[in-house]
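The values are calculated or read from the model by the stated rules, or taken from the named source; none is laboratory data. Being a predicted model, the structure only gives us computed values, none of them experimental. We place every Cβ from the backbone using ideal geometry, glycine too, and count neighbours over all the protein chains shown. The protein model used for the area step is the full one, side chains on, heavy atoms only, and it has no ligands, DNA or RNA in it. Shrake-Rupley method; radii C 1.70, N 1.55, O 1.52, S 1.80 Å.
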Amino acid sequence: MDTVTHGIVGSLIGKGFFSDRHGRVATFAATAGAMFPDTDVIAEAFSNDPLAVVKFHRGITHSWVGLPFFAAILAWLTRWVARRRGIDAPSWGILTIIYGVAIASHIALDGMTSFGTRIWDPISQDRVAWDMLFIIDFLFTAIALLPQIAAWIYRDSAKAIFRATGMWVLSTLATISVWFLARQVGFSFHFWAAVVVSVAIAALFFLPAAGGRGFRIKRAAWCRAGTYAMVAYILACGAAHHAALKRVEDFAAANHIAVERMGALPLPPSLLDWGGVIRAADGVYASRFDLRDSSAPAFHFTADSPPDIFTMRAMQLPEVRLYWTFARFPVIRSSTEDDRTTVDFFDQRFISRRRRENDPQPFTYRVVFDSAGNVLEEGWQSNGLLLRRVLKTLKPRAGDTP
């Protein structure tokens with residue numbers, strides 16, 4: 001899940017359950033703690049490893065094992081800074097609990113996406129993916145954000161209508177922007193849905209003013225209600241995932257597929273949109289379907305290229321073996337042109353709806369061999385280019401000749 005949404009969720013938790021008793025530092029700790037696990041991108045930024053995103057992201061900072069240590073260190077650091085600046089702060093123990101809850105929210109939410117999170121690193125490098133939430137879920141973000149805005153609107157009766165109007169206009173513009181963006185990336189939805197969202201936001205921002213009810217609701221109550229709504233949305237996504245996975249299982253059973261791995265993956269724009277993926281012995285079946293459509297989903301099959309000496313050699317490379325631990329539904333394709341053989345690995349989890357015909361799938365890893373079986377290039381591919389070239393010369397590795 002995106003870091004901004006993690007921060008919004010942390011802020012919601014801090015305001016709903018900690019700030020009334022422990023002040024603004026508690027809200028800061030909950031917000032910072034919820035965003036902290038994504039600091040692993042710093043290691044990616046300074047690494048020359050072409051697979052840094054696989055090696056470092058969603059590792060130890062996203063682990064239940066590392067959580068208590070990071071929470072304790074961040075709590076101590078926060079107390080130290082607060083004392084130097086003369087700011088009242090909760091005790092180290094309370095701050096450790098707040099940071100722990102916030103980091104836990106990040107780990108759990110990332111585990112609910114399809115990317116894969118090593119929640120037991122360093123004990124285990126297995127990646128958990130519960131496939132309940134899309135990595136960027138604007139509705140989920142809105143559920144976490146809007147109660148905080150409503151609490152701010154009704155904190156001051158003299159400014160409430162002005163604030164409500166301004167926030168409604170901004171929210172409506174944001175909704176239209178999401179509608180436009182979804183159309184551009186191939187996951188469009190009806191404009192009337194954006195209108196319904198705008199009306200719902202208007203109701204949330206304006207209706208509590210009737211009879212002054214909104215001014216009697218404390219910020220903590222607004223944020224707790226938002227937390228409960230967030231949990232309810234996650235449960236609804238879990239139920240939708242169960243229904244989607246049942247359709248994938250039914251297809252596999254009806255077609256007698258020897259399944260190696262299968263999944264139902266969340267897709268935008270709503271919890272009713274899903275992708276079914278099945279890894280078989282010789283390729284991957286994939287489908288996109290809407291749970292409102294009662295008909296059986298149609299799957300298309302992407303076959304692996306027949307195994308040869310080059311694919312076998314590629315599979316022995318450390319970088320490809322690392323990629324293989326990351327990929328859940330990989331496809332292997334090889335091709336030869338002149339005296340160069342290209343072996344591509346791509347994961348059917350990551351599909352670009354607006355991809356041009358000759359463009360690679362997202363997260364495509366390419367290995368290029370010469371006719372003697374020496375590795376010429378390897379790295380992530382984008383629009384026909386290798387993003388990182390591990391080898392820039394024709395110098396072979398030891399034992400590269402098949």
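The table below lists the values:
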read-out	value
Accessible surface of the chain, 1.4 Å probe, proportion on carbon and sulfur as whole %	63
The chain, helix-only ellipticity at 222 nm - DSSP H runs n ≥ 4, -39,500 (n - 2.57), divided by all residues, nearest 500	-15000 deg cm²/dmol
Protection proxy ranking, peptides 80-91, 7-18, 131-142, 113-124, average beta carbon neighbours within 10 Å, highest first	7-18, 131-142, 113-124, 80-91
Contact order relative to length of the chain, as percent, for alpha carbon pairs under 8 angstrom and 6 or more apart	12
Cα-only radius of gyration and Dmax that characterise the range 134-191, units Å	13.9, 44
Between 0 and 90°, nearest 10: helix 92-111 axis offset from the chain longest Cα axis	50
Under 30 Å between alpha carbons - lysine pairs in the chain that sit 8 or more apart or on different chains	5
Extended-chain gain in nm, criterion 0.36 nm per residue less alpha-carbon gap, Ala104 and Val81	5.9 nm
